[in-house]
Amino acid sequence: MGFQASERVQEINAKLQAFMDEHIYPREHEWDEFTQDPVNLWQTPDWFFELREKAKSQGLWNLFLPHEYEPWSPGLSNIEIATIFETMSKVSWAQSVFNCNAPDRGNMEVLAKYGTPEQQEQWLHPLLDGKIRSAYAMTEPQVASSDATNMELEITRDGEEYVLNGRKWWTTGAVNPHCKIVLVMGKSNPENDRHRQHSTILVPRDTPGITLVRTLRVFDNLHSPGGEAELLFENVRVPVSNMIKGEGCGFEIAQGRLGPGRFQYAMMFVGMAQRCLELMCARAEERVAFGEKLSKKTSVQHEIARCRCEIEQCRLLTLHAAEIMDREGVKAAMAHISMLKIVAPSMAQSVADRAMQVFGGMGVCQDTLIPSVFTTARFCRIADGPDEVHMSQLGKLTIRDLAS
Ligand SMILES: Cc1cc2nc3c(=O)[nH]c(=O)nc-3n(C[C@H](O)[C@H](O)[C@H](O)COP(=O)(O)OP(=O)(O)OC[C@H]3O[C@@H](n4cnc5c(N)ncnc54)[C@H](O)[C@@H]3O)c2cc1C
């Protein structure tokens with residue numbers, strides 16, 4: 001097992017690093033000031049779109065899509081993607097400059113994997129081009145949504161249309177004016193067995209009958225320009241051709257959507273945590289308290305050492321999961337993906353927490369990305385499936401593998 005980055009990836013990564021240095025790090029605070037200003041709610045600065053065009057023209061585009069999706073994919077393996085994701089995750093909004101952000105990347109993967117040629121033409125191509133954005137609506141307020149088989153939104157066939165009725169919440173991105181398509185999971189076949197009752201269907205965002213009930217705040221932050229929405233679906237009609245893969249495939253699609261996505265999430269946390277560590281070291285070297293630099297204090301040295309160990313452990317685990325996915329497929333990597341889901345957000349949360357402490361007051365204000373890493377890592381321990389669900393899954397897999 002060797003994790004030496006290929007020459008191709010070293011080249012892409014160097015280009016990406018140069019792009020981050022020239023265009024992204026210098027605008028880090030400008031982005032925050034713009035997007036946090038209530039006057040700009042759900043808007044993005046003009047220069048953001050210019051950066052996207054620049055990234056596209058340099059081939060730093062859609063790098064998340066693994067080689068099995070060629071011709072749409074730039075042709076990288078999972079292990080190659082992992083290295084690149086670490087680099088592009090060191091600034092919280094940078095993934096979207098390279099069209100590699102959630103939830104679009106998961107939705108593009110669903111459409112590439114299961115979409116009909118017509119669905120791909122209408123929705124996948126503009127998403128890959130970065131012309132539109134998308135959302136994924138599974139979670140519902142009235143049921144425990146960590147169990148995807150609980151979803152209740154009704155999908156009923158009426159002639160050549162499906163009719164949707166129900167309520168969704170936590171639909172990331174649905175508030176953004178560029179969001180044009182929502183992948184909605186609902187119950188279409190209650191007569192089937194539990195894992196074949198649901199479907200995923202394409203619903204254009206402007207379809208009559210969809211009401212934006214409210215936006216949700218996450219740790220009191222509206223997450224503009226993406227935003228999390230509560231949506232009401234009342235007699236929402238779409239053509240039968242909008243069904244993805246077929247009736248009863250919703251659970252399978254939800255599972256498929258989360259496999260590779262989970263692995264990319266993990267490398268995002270490695271990138272975020274590494275950035276926190278870099279900032280923490282620089283601060284410890286420059287800040288003097290009680291007659292010496294913070295970097296001279298044993299307690300600070302120990303916290304930095306702990307961060308480095310935890311980040312490196314997670315990085316190696318991510319690369320190992322990616323290597324198994326490349327060699328044997330996603331199914332073979334399920335145990336490692338579960339391990340990552342358990343380890344990665346908690347690791348980033350602890351690293352951000354320690355960095356915050358070393359920064360003192362500055363560590364909790366808008367001057368660094370540390371608070372955003374801390375809160376993102378915390379909510380991802382729920383949003384990407386609660387920790388407990390991943391632990392139960394890993395426990396069961398481990399017992400199956402080791403009990404005999
Ligand atoms: C910021 C953010 C963005 C999100 N974006 C999206 C999105 O774009 N689209 C979307 O559809 N959803 C999204 N979600 C929703 C997210 O997927 C759900 O919150 C998640 O699946 C958990 O479902 P729930 O909130 O209903 O919690 P529940 O299912 O009610 O679970 C609550 C708690 O019960 C416990 N629990 C659950 N299962 C088990 C178990 N098996 N063993 C032990 N304990 C257990 C856990 O402690 C868990 O945290 C987002 C959430 C957040 C916070």
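Estimated translational diffusion coefficient (Stokes-Einstein, Kirkwood radius over Cα pairs, 10 °C, 1.306 mPa s) of the chain: 72 µm² per second. Within the range 133-244, the proportion of C-alpha pairs whose separation exceeds 19 Å stands at 42%. Over all pairs of different C-alpha atoms, the range 205-302 has a mean inverse distance whose reciprocal, the Kirkwood radius, equals 18.9 Å. The angle between the Cα long axis of helix 250-286 and the longest principal axis of the Cα atoms of the chain comes to about 20 degrees, rounded to the nearest 10.
So what is the 222 nm mean residue ellipticity for the chain from helices alone, if each DSSP H run of at least 4 adds -39500 (n - 2.57) and you divide by all residues, rounding to the nearest 500 deg cm²/dmol? All intermediate terms of the calculation are to be shown ahead of the outcome.
Details: 12 runs with 189 residues, N = 404.
Result for the chain: -15500 deg cm²/dmol, rounded to the nearest 500.
Charged side chains reduced to their Cβ positions (Lys and Arg at +1, Asp and Glu at -1) give the range 251-402 a dipole of some 140 debye around its Cα centre. In the range 187-250 the Cα-Cα distances spread across 5 Å bins starting at 0 as 4, 15, 17, 17, 17, 15, 10, 4, 0 percent of all pairs.
For V39 and N150, the FRET efficiency from 1/(1 + (r/R0)^6), where r spans their Cβ atoms and R0 equals 51 Å, is about 0.80. Backbone geometry of the range 356-370 corresponds, through the Karplus equation with coefficients 6.51, -1.76 and 1.60 at θ = phi - 60°, to 3J(HN,Hα) couplings of 4, 5, 5, 7, x, x, 4, x, 10, 9, 7, 6, 9, 7, 4 Hz, x marking Gly and Pro.
Spatial offset of the range 298-317 relative to the range 155-232 amounts to 40 Å, using the alpha carbon center of each. Sites count as exposed loop sites when they are GluC sites (Glu not before Pro), lie in a DSSP loop, and have at most 13 other Cβ atoms within 10 angstrom; the longest stretch of the chain without one is 192-404. Straight Cα distances below 19 angstrom link K331 to the lysines K113, K341, K396, with same-chain residues fewer than 8 positions distant left out. Taken about its Cα centre, the chain carries a charge dipole of roughly 700 debye when the Cβ of each Lys and Arg holds +1 and the Cβ of each Asp and Glu holds -1. Each pair of Cα atoms in the range 251-402 enters the Kirkwood radius, and Stokes-Einstein at 10 °C and 1.306 mPa s then converts it into a translational diffusion coefficient of 97 µm²/s. Rg and Dmax of the range 1-134, both derived from C-alpha coordinates alone, stand at 15.5, 52 Å. Taking 13 Å as the straight-line reach from the Cα of K293, the aspartates and glutamates in range (excluding those fewer than 8 positions away in the same chain) are E285. Helix 387-402 and the long axis of the chain differ in direction by around 90°, with both axes built from C-alpha atoms.
Would you kindly work out the equivalent ellipsoid of the range 347-404 from its C-alpha gyration tensor and give its semi-axes, the square roots of five times the eigenvalues, largest first in whole Å? Intermediate results must be reported in sequence, preceding the final value.
Numbers: eigenvalues 236, 27, 6 Å².
That gives 34, 12, 6 Å for the three semi-axes.
Can you list which of the trypsin sites (Lys or Arg not before Pro) found in the range 76-135 are DSSP loop residues with at most 12 other C-beta atoms within 10 Å? Loop-located and lightly packed - K131.
Just to confirm my numbers, what's the Cα centroid distance between the range 79-119 and the range 337-404 in Å? Going from one Cα centre to the other spans 20 Å. Summarising the amide proton neighbourhood of W169: residues at separation of 5 or more, or on other chains, whose placed amide H is nearer than 5 Å comprise T139, E140, L231. In percent, rounded to a whole number, the relative contact order of the range 251-402 is 28, using alpha-carbon pairs under 8 Å and six or more apart.
The numbers here are math on the coordinates, done by the rules we state, and not lab data. A quick note: this is a predicted structure, and the numbers were derived from the prediction, not measured. Every residue, glycine among them, receives a Cβ derived from its backbone with ideal geometry; neighbour counts consider all protein chains shown.
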